[in-house]
Amino acid sequence: MYELKFDPEVCAVCETYDCLMKCQYQTFDQESARAEREKINRGDDSRVLHDCATCYACEEYCQKGNHPFYQIAELQEAKDIWPAPKPIVHQQMKMYAPKGDFQDHYQEIKGKALDLCLFPALKGTIQGELYEDTSLIMGRDVFCNLVYLHFGKASVIKERAPQVIENLASTHLEELVCYHDECYGFYASWASAHGIDVPFKPTHLFEHLRDQIRAKLAQDPGSVKKLGIKVAYQRPCSARLTPESEPFLDEILELIGVERVERTYDRENALCCGAVLRAQGRDELAEDLNKRNIQDMLDFGAGMTLFNCPACYSTLNQMVTEQGLKPIMVSDLCRLAIGEIA
């Protein structure tokens with residue numbers, strides 16, 4: 001079993017407690033943040049473990065790269081704290097368990113593959129010129145399982161991670177493009193935090209799309225349209241695990257003439273879509289977040305809501321549509337810019 005590379009001494013000398021002071025779902029002053037952080041650092045119980053929205057944000061807030069949320073998730077399991085009801089967690093664990101037939105479907109992959117994880121319904125968004133030299137893989141046997149961080153079951157990820165990575169490595173792929181932020185976070189952040197070697201290059205979907213659009217512009221500047229629209233980006237929780245991917249999206253939007261409105265609840269201040277909170281039974285909080293988030297999009301003049309996370313899309317797409325905001329995935333926005341879809 002892989003152990004988390006968390007250094008309690010790093011937290012012991014921290015003077016800002018950003019991991020808690022910046023939390024948007026729990027309130028702390030400097031003194032209470034220090035007290036609760038010290039409890040967590042010692043491995044003791046803390047109100048943080050019980051009230052955590054599991055939004056991953058403290059991973060981004062920590063300036064030392066010490067993985068406070070990964071530690072919180074492990075402590076929740078160690079103390080038998082269930083952020084979501086047990087039946088929901090057990091259902092998820094059973095529903096998405098590996099099938100063990102990966103090799104029956106995938107042999108050797110040369111070069112690059114795109115991992116669509118558990119979202120086969122999104123196959124239609126990744127066809128065409130932007131993916132011509134990229135193989136497609138998906139299914140339970142390549143599922144990163146990082147979703148169990150939301151449920152306080154880090155052991156499930158540790159148990160399944162070696163086989164997932166072995167399955168992919170067996171194809172001899174060199175580069176894995178991750179459609180979902182959570183998958184990219186698994187390979188680029190979670191694995192290294194637990195001392196796991198990843199024998200291929202994980203690439204975020206945004207970096208892949210940025211490179212493809214750059215190449216098209218270099219070959220024919222007229223092949224990419226300037227769309228001239230304003231979008232509000234629903235930044236997913238899992239983007240917190242690898243914030244270095246954010247500039248790729250900004251560059252994509254600049255290349256295709258799209259303005260990402262600088263609203264209140266974006267980037268480091270992004271709000272959860274509410275899906276996990278509803279799974280936790282915190283419907284009132286989820287509804288409040290939805291209302292504030294969508295009103296914020298409208299207040300700053302967005303015409304579309306931009307998504308990358310399928311869970312965020314399924315949670316919010318009807319709500320934003322009802323408010324006159326067209327929902328669209330980043331992959332489809334890029335295809336719109338190159339004229340593949342209208």
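The values are calculated or read from the model by the stated rules, or taken from the named source; none is laboratory data. Note that the structure is predicted; figures quoted are calculated from it, not measured. Counting neighbours? That spans all protein chains shown, and the Cβs are built from the backbone with ideal geometry, glycine included. Ligands, DNA and RNA are excluded from the accessible area calculation, which covers all protein heavy atoms including side chains. Shrake-Rupley method; radii C 1.70, N 1.55, O 1.52, S 1.80 Å.
The set of residues in the range 43-58 being outside any loop (DSSP other than H, G, I, E, B), touching a residue at least 60 places away in the same chain (Cβ under 8 Å) and either among the hydroxyl-bearing types (S, T, Y) or open to solvent by 20 Å² or more (accessible area, probe 1.4 Å) (or both) is empty.
Scanning the range 124-147 for residues that are under 19 Å from the mean Cα position of the chain (by Cα) and either within 16 Å of H67 (Cβ to Cβ) or outside any helix (DSSP H, G or I) (or both) gives I137, M138, G139, F143, C144, N145, L146.
Given the criteria part of a loop (DSSP other than H, G, I, E, B), at pLDDT below 95 and on the phi < 0 side of the Ramachandran plot, does L173 qualify? When the stated conditions are applied, L173 passes them. Are any residues in the range 261-314 within 28 Å of V89 (Cα to Cα), touching a strand residue (DSSP E or B) at 6+ places or on another chain (Cβ under 6 Å) and outside any helix (DSSP H, G or I), and if so, which ones? Within the range 261-314, F307 is the sole residue that qualifies. All of G185, G195 fail the test of being under 19 Å from N308 (Cβ atoms) and either out of contact with any Gly (no Cβ under 7 Å at 6 or more places or on another chain) or modelled with pLDDT of 95 or more (or both), apart from G185. Do the conditions hold for D104, that is, is it part of a loop (DSSP other than H, G, I, E, B), without any contact (Cβ under 8 Å) to a residue 60 or more places away in the chain and surrounded by fewer than 12 Cβ atoms within 10 Å (Cβ to Cβ)? When the stated conditions are applied, D104 does not pass them.
A quick yes/no check of all residues on (1) in a helix (DSSP H, G or I); (2) at pLDDT 95 or above; (3) out of contact with any helix residue (DSSP H, G or I) (no Cβ under 9 Å at 6 or more places or on another chain):
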| site | (1), (2), (3) |
| --- | --- |
| G65 | no, no, no |
| E77 | yes, yes, no |
| D80 | no, yes, yes |
| I88 | yes, no, no |
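Remark: R34 falls outside the filter, which requires a residue to be of a type in the set (K, R), under 26 Å from D288 (Cβ atoms) and more than 21 Å from the chain's Cα centre (by Cα).
The residues of the range 188-205 that are touching a helix residue (DSSP H, G or I) at 6+ places or on another chain (Cβ under 8 Å) and either among the basic types (K, R) or buried (at least 24 other Cβ atoms within 10 Å of the Cβ) (or both), listed by number, are W190, H204, L205.
Residue by residue, here is whether (1) open to solvent by 20 Å² or more (accessible area, probe 1.4 Å); (2) farther than 30 Å from S223 by Cβ; (3) among the aliphatic types (A, V, I, L, M) holds:
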| site | (1), (2), (3) |
| --- | --- |
| Q76 | no, yes, no |
| W82 | yes, yes, no |
| Q91 | yes, yes, no |
| F119 | yes, no, no |
| V142 | no, yes, yes |
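Among the residues making up the range 232-250, those that are open to solvent by less than 20 Å² (accessible area, probe 1.4 Å) and within 16 Å of I213 (Cβ to Cβ) are S245, L249. A single member of L253, L217 is part of a helix (DSSP H, G or I), open to solvent by 20 Å² or more (accessible area, probe 1.4 Å), aliphatic (A, V, I, L, M) and more than 24 Å from V142 (Cα to Cα), and it is L217.
Quick one: in the range 309-342, which of the residues that are farther than 14 Å from I229 by Cβ and among the acidic types (D, E) is most open to solvent (accessible area, probe 1.4 Å)? Here the answer is E322.
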